[in-house]
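> Quick one: the structure is below, questions incoming.
The values are calculated or read from the model by the stated rules, or taken from the named source; none is laboratory data. Everything numeric here is computed off the predicted structure, so don't read it as measured data. So basically every Cβ, Gly included, is an ideal-geometry build from the backbone, and we count neighbours across all protein chains shown.
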Amino acid sequence: MMLRRLFLAVFLVFAALPAFAVQPDEMLPDPAMEARARALSAELRCMVCQNESIDDSDAPLARDLRLLVRDRIKAGDSDAAVKAFLVARYGDFILLKPPFEWRTIALWTAPFLLLAAGAIGIAVAARRRPAAAAEGLSEAERTKVEEILRRDR
């Protein structure tokens, strides 16, 4: 029984690992060029899946983009030139980490602004809440509570 659980745990761990979508026929023969292509592919967003890199995606468009990246590398383009080509074609959205510039300022600052707004909202709500009474019930309140409790019995 213990061996089965161990086997199941190991299986689930390996099943949860990301499966790379790069097919053997896409790979470049030069290991250095292939490493560059893989590094670039990991930085580029799949336009179909949108939350995966083209290196992880099985979408046909991701395959086309992987092949395009490899073609540009074979043609002698630098990594920056390959990215610039794809950004010119698809916009900054193709990059998993868009650059910090005036057009993307809202994208980069929105999480911090929302966090600050939430903290301010909590602080304002805490100040508006009446402070809990430090002392116990008054004699009149105790009498009223005892009367209510007696009625409910």
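> Identify the residue in region 103-119 that is exposed (fewer than 10 other Cβ atoms within 10 Å of the Cβ) and closer than 24 Å to CYS46 by Cα and, among all such residues, is nearest to the chain's Cα centre (by Cα).
Looking at residues that are exposed (fewer than 10 other Cβ atoms within 10 Å of the Cβ) and closer than 24 Å to CYS46 by Cα, I get PRO111.
> Would you confirm, using the coordinates I've provided, whether PHE14 is aromatic (Phe, Trp, Tyr), in a loop (DSSP other than H, G, I, E, B), at pLDDT below 85 and surrounded by fewer than 19 Cβ atoms within 10 Å (Cβ to Cβ)? Please lay out each step first, then the result.
On the way: aromatic (Phe, Trp, Tyr): yes; in a loop (DSSP other than H, G, I, E, B): no; at pLDDT below 85: yes; surrounded by fewer than 19 Cβ atoms within 10 Å (Cβ to Cβ): yes.
Considered against the rule, which asks whether it is aromatic (Phe, Trp, Tyr), in a loop (DSSP other than H, G, I, E, B), at pLDDT below 85 and surrounded by fewer than 19 Cβ atoms within 10 Å (Cβ to Cβ), PHE14 comes out as no.
> With the condition being β-branched (Val, Ile, Thr), I'd like the helices (runs of 4 or more DSSP H) fully within region 42-153 carrying at least 3 qualifying residues.
Working: elements: 60-74, 79-90, 105-128, 139-152.
Filter on region 42-153 gives 105-128, 139-152.
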